[in-house]
Amino acid sequence: MLKRSATGSAITETGPALFLLIVLIFFPMLDLISLGAGYIMSGIYHDYMIRELALSAPPGSGADSSIQSKDKAIQKINKDFETSSFFNFLRMSPGDASVVSVQYLPDDTNPTTVQCKTRCVIQPFISIPWWTNLPGLNAPINFEMETQRPQEEKGRN
């Protein structure tokens with residue numbers, strides 16, 4: 001009777017194991033890393049937007065022309081982000097990062113407060129085929145952030 005040797009069996013198991021490792025772990029991990037980068041970028045975009053809006057003049061305030069208006073601040077920030085390398089690395093298109101709403105909340109006892117809500121649409125780094133849509137793995141994911149910040153005085157009071 002011939003006996004089979006145990007040598008060489010590891011090489012036959014390497015192919016299927018490597019396939020499962022790449023498909024089930026490596027590509028989803030790349031998507032999760034890019035998802036984290038997209039979340040960081042949307043946070044930076046939101047912080048930059050609320051800061052510039054707090055420095056801008058509220059509509060109908062009659063402020064001098066040296067202070068930029070709300071619309072000019074939004075256009076400036078969108079242009080800055082659309083030309084950044086981080087924006088291009090995440091394969092975002094113009095309009096993926098947008099301002100949903102801006103409100104100036106006047107208060108008699110405190111400075112005016114700016115409330116801003118932004119939305120960033122992040123595409124997956126590698127779209128993984130799956131039978132359902134999983135945001136972040138094979139479908140875009142939306143990050144919405146909303147913050148309030150006091151209006152800057154600019155020495156008017």
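The values are calculated or read from the model by the stated rules, or taken from the named source; none is laboratory data. Just so it is clear, the model here is predicted, and its values are computed rather than measured. Methodologically, a virtual Cβ is constructed for each residue, glycine included, from the backbone with ideal geometry; neighbour enumeration extends over all protein chains shown.
Of note, residue 66 satisfies the criterion of being at pLDDT below 85, over 26 Å from the mean Cα position of the chain (by Cα) and among the hydroxyl-bearing types (Ser, Thr, Tyr). Could you say whether any residue in segment 121-142 is at negative phi, modelled with pLDDT under 85, polar (S, T, N, Q) and more than 15 Å from the chain's Cα centre (by Cα)? Yes: segment 121-142 contains one or more residues that are at negative phi, modelled with pLDDT under 85, polar (S, T, N, Q) and more than 15 Å from the chain's Cα centre (by Cα). Residues of segment 28-57 that are of a type in the set (A, V, I, L, M, F, W, C), surrounded by fewer than 16 Cβ atoms within 10 Å (Cβ to Cβ) and modelled with pLDDT of 85 or more: 29, 30, 32, 33, 37, 40, 44.
Checking each residue in segment 114-129 for being more than 16 Å from residue 47 (Cβ to Cβ), in a strand (DSSP E or B) and either of a type in the set (Ser, Thr, Tyr) or in contact with an Asp or Glu (Cβ under 7 Å, 6 or more places away or on another chain) (or both) picks out only 121.
One residue is enough: does segment 83-98 have a residue meeting the conditions surrounded by 16 or more Cβ atoms within 10 Å (Cβ to Cβ), assigned to a strand (DSSP E or B) and out of contact with any helix residue (DSSP H, G or I) (no Cβ under 8 Å at 6 or more places or on another chain)?
No: segment 83-98 contains no residue that is surrounded by 16 or more Cβ atoms within 10 Å (Cβ to Cβ), assigned to a strand (DSSP E or B) and out of contact with any helix residue (DSSP H, G or I) (no Cβ under 8 Å at 6 or more places or on another chain).
Matching residues to (1) of a type in the set (S, T, N, Q); (2) within 15 Å of residue 38 (Cβ to Cβ); (3) touching a Ser or Thr at 6+ places or on another chain (Cβ under 8 Å):
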{"residue": "69", "(1), (2), (3)": "yes, no, yes"}
{"residue": "84", "(1), (2), (3)": "yes, yes, no"}
{"residue": "98", "(1), (2), (3)": "yes, yes, yes"}
{"residue": "105", "(1), (2), (3)": "no, no, yes"}
{"residue": "123", "(1), (2), (3)": "yes, yes, no"}
{"residue": "147", "(1), (2), (3)": "yes, no, no"}
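Remark: pairs (first residue in segment 42-53, within 12 Å of residue 146 (Cβ to Cβ); second residue assigned to a helix (DSSP H, G or I); Cβ separation under 6 Å; 6+ apart in sequence or on different chains) = 49/77.
Determine whether residue 82 is in contact with a Lys or Arg (Cβ under 9 Å, 6 or more places away or on another chain), among the charged types (D, E, K, R) and farther than 30 Å from residue 20 by Cβ. Break it down stepwise before answering.
On the way: in contact with a Lys or Arg (Cβ under 9 Å, 6 or more places away or on another chain): no; among the charged types (D, E, K, R): yes; farther than 30 Å from residue 20 by Cβ: yes.
So residue 82 fails the test.
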